[in-house]
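Report on the following structure.
FYI, it's all coordinate maths here, none of it is from the lab. Predicted model, so just to flag it, every value in this text is computed and none were measured. Note that each Cβ is placed from the backbone with ideal geometry, even for glycine, and that neighbours are counted across all protein chains shown.
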């Protein structure tokens, strides 16, 4: 299947260096990283453990800032934001999906999604979001009462409720069995294809790359390859 | 290795362990401060009793002869005994200070405790020994001359020694409400040194001493009378002039022998004084008024009550701190151990014995509480305890009173460290009991569940902050309990401190605006001529009042244990000395009845209409009186009756004070015969002012504790809450919550806990204050009062602390590393 995009740039990494620590013990997590992502793209950042892919995602998510270089998202320079601006950025621009869901255990599925109302003014209806991920029947369940896949779908519903410009996922299927993982990935792909959301996933699972519009392969903190997938495969069609 | 692990983890959890350290330190500190000064007081008191051979019992009567003394001495239960005479005089050049003068020619029982100069020696001529506190207040030195006035007689002697009177460890002038050392002094003097002839002549002139009285007490007079009778002259034929002449002819030494001894002080060979009453009564053939033991001597009783109060405080206050410390320990250790679940599993899997692992975790709180306790022991004893002893030395006089420790200190440390370590075991053993294979896997996070409040319609109206925090409170009940108890204790102390100001102010208003309808108090000589006193009264349009020591009972022929020593106030009903009821409403005494103070009535179970039996302390005859009303007075407990009723009993009315609304009586009043001292309004207020200063001090100390407690507890609760929810907060941060919003979320819970603590602590503060005032002994009856303002200020104070503690987390939340926190397995 061929996807057509308008080519409007939403993310740009310009010569980004991220160094942890100082002196001899310093670790270079990102080494002159450059790439761009266009609006509505389904992007997979691929690499082994320690490749620097999570560092990229953290900077994209406004949870970390580069040592040098520029990170620009939706026309805003994330790399030079202060604490307060970063909070606002996280609230308005990105929706984050974690490997371990990170739902608040003392809130129900519905409340975990509704939580977003406390952050953004025009949050989407939590019930609608739960419906979108197929969990309308689980609204009153606490995280401990749901399966991993269900929890991850709540987490996606929570991310969607903010109506973010980009959705970031850090190994969102890493803790799930393959069956459940497919459901979650399908959901994300659907968001991208049907609702034109920009979805950026970090993973070490090369199979997922088959479904992406763009694959950024990283190794030792450097971008090794940026590959445009002219014919991304629907999630269901991939052999897992 | 485990030792190093412990040290590093102590550092890593510094806040919590500091809380445990502070709380165990505070608990031991409070105990030690009260106890250390008490132990020293008891020991020094015992030393003083031993050195001075302080009496165990006192027999008061109208006069004791040598024969009676010998009979008492011969009792096998009695150790030593001696007679003495006690008079109350006033200082001539020292603000007419009240002087309690002991005239004694032996130094066997209840000798003064010698501080400087020469020890008491009744054979020394022209000498007196006086109180150290008074000497200090007036800068009197050994060798100085000192003049005092007794019944118009001026007596000047040289100060031979500075002493402490074992029976006057507490002493305050009758006019004062509190101890003012420059107004009261105890003096010891040889009876021989008393100008007996002048004194006897003044008694005869006033008609207070008749030939008959003299004959009763003196063999010499009896011999003279017998001689006169041979000439056909009976005692009735002798005129006052002849009697005076007769006295003139008798030499001083012989007159000395005629002087009455109104007291026998004795020690027992370990027998209970009150148990000896029947025997003493037999031996003296009933010819005495009152038998007292140490608990009847106010100078000893007030001191002993104070020490007993400190003993109570030494236990009750630390208990509060320990209870909170235990909660802090249980919650903190529980968190630490739960966090280390996988480490425990690893150690276990490596083959370390369970006992060793348990001991390792117990060692955290063991060392911290031990160090805290030891710090508290020294700070409490040598700083706070010393401070307390220093303050109380202004009120009580026990030579050498400082601070000392005893075995109970070690016991308290063992108990506190034991309790802290035990609490750790209690909170950790569940984790320790998990099988290694299981504990190598992380524990499931605490599951959220619906709480009962969710069934209420209001639940859905609550915002996210409220719902989230409510569920969290129910997830961590122990932590919430700790927060509530900590703030409740803080609030309790704040309310008690502020309310004590109001209470004293209330007592002051009660006294000066209701009870005392006068501006000036004129102290009268104990045997002022009644005509003179009345003339004086008419001159200043005042009211004469007699205050006298009595013993009362609720039934006839009550035994010693069923009687109480108290005060009888005889008024003329002119409403300058007034009475109020329980609600501080003015009441009037009905003729033919007496008023009894509430506390006393309650002690006897008496009510209006009941009969009270009473007798003057120095007289043997009992009278009865009907209770007409129950009154309440903050600082004077006893019975009150009208002069006409008092005189009907046959007792002689001897007014001791004259009250007037005149603010500045003229010199003619001040210099009038029979006037001992004139106290103006400022003078009367002095005691309250001093009491207020004391209260400010208490307020300060309480405020320190009231500040430290909520800070420690709320910080700790916040810290635990923060650490327990750190992942959740990191998630919220990633979702875009601002630092301030997360801090508010965290603070909100503390705010609730504080509010509950405030509501619970407020009434406890009043209870605490009432307990503190009640433990002040029988003579006080303060109405503990607190207005809305005190509650509001105290509550606001605790709330402000709660809010400020929240800001301590601002930085922590800002610095919260989302990436690091959310990394890793769950």
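Here are a few things to note about the model shown:
- Calculated Rg and Dmax of the range B:639-704 using C-alpha coordinates, Å: 19.0, 58
- With the simple spin-label model, which puts each label point 7 Å out from Cα in the Cβ direction, the residue B:359 to residue B:681 separation comes to 7.5 nm.
- Counted over the range B:520-679, the DSSP beta bridges are approximately 75% antiparallel.
- Translational diffusion coefficient of the protein assembly as shown (Stokes-Einstein, Kirkwood radius from Cα pairs, 4 °C, 1.567 mPa s): 36 µm²/s.
- Considering only chain B, percent of DSSP beta bridges that pair antiparallel, nearest 5: 75
- The Cα-based radius of gyration of the range B:449-604, divided by its Kirkwood radius, gives an Rg/Rh of 1.31.
- Across chain A, the mean sequence separation of Cα contacts (distance under 8 Å, 6 or more residues apart), normalised by length, yields a relative contact order of 27 percent.
- Computed over the Cα atoms of the range B:715-826, the ratio of the radius of gyration to the Kirkwood radius (Rg/Rh) comes to 1.23.
- Ellipsoid semi-axes for the range B:1-151, based on the Cα gyration tensor and the rule √(5λ), read 53, 23, 14 Å when sorted largest first.
- Between residue B:454 and residue B:823, full extension at 0.36 nm per residue minus the direct alpha carbon distance yields a gain of 129.6 nm.
- Each of residue B:629 and residue B:803 was given a label point 7 Å from its Cα along the Cα-to-Cβ line. The distance between the two points is 4.9 nm.
- Relative contact order [Cα under 8 Å, 6+ residues apart], chain B, whole percent: 17
- Computed on the range B:776-819, the Cα convex hull volume stands at 96 Å³ per residue.
- √(5λ) per eigenvalue of the Cα gyration tensor, the range B:357-402, largest first, Å: 37, 7, 6
- Using every pair of separate Cα atoms, the Kirkwood estimate puts the hydrodynamic radius of chain A at 18.1 angstrom.
- Residue among A:226, A:45, A:17 with the largest mean-square fluctuation in a Gaussian network model of chain A, springs linking Cα atoms under 10 Å: A:226
- Measuring nothing but how far apart in sequence close Cα pairs (under 8 Å, 6+ apart) lie, relative to its length, the range B:520-679 scores a relative contact order of 40 percent.
- Kirkwood hydrodynamic radius of chain B, Cα pairs, Å: 31.4
- Working note: Cα atoms of the range B:520-679, range along each principal axis, descending, whole Å: 48, 36, 24.
- Calculated FRET efficiency for the pair residue B:792/residue B:512, C-beta based, R₀ 22 Å, to 0.05: 0.25
- FRET E, pair residue A:194, residue A:77, Förster distance 35 Å, beta-carbon r, rounded to 0.05: 0.70
- Remark: A:98, B:387 ranked as B:387, A:98, counting other beta-carbon atoms within 10 Å and listing the fewest first.
- Mean projected area (nm²) of the alpha-carbon convex hull when the range B:195-258 is viewed from all directions: 3.8
- Put in order of Cβ neighbour count within 10 Å, fewest first, the listed residues B:83, B:814, B:222, B:563 become B:222, B:814, B:563, B:83.
- Between the range B:482-507 and the range B:377-418, the alpha-carbon center distance in angstrom: 24
- When DSSP beta bridges are restricted to pairs lying wholly in the protein assembly as shown, around 70% turn out antiparallel.
- Annotation: the residues B:292, B:428, sorted from fewest to most other C-beta atoms within 10 Å of their own C-beta, follow the order B:292, B:428.
- Computed label-point distance, nm, for sites residue A:177 and residue B:236 using a 7 Å Cα→Cβ extension: 12.8
- Sites residue B:697 and residue B:257 - FRET efficiency at Förster radius 41 Å, r taken between beta-carbons, to 0.05: 0.20
- Its DSSP H runs of at least 4 residues, each contributing -39,500 (n - 2.57), put the calculated 222 nm mean residue ellipticity of chain B at -17000 deg cm²/dmol, to the nearest 500.
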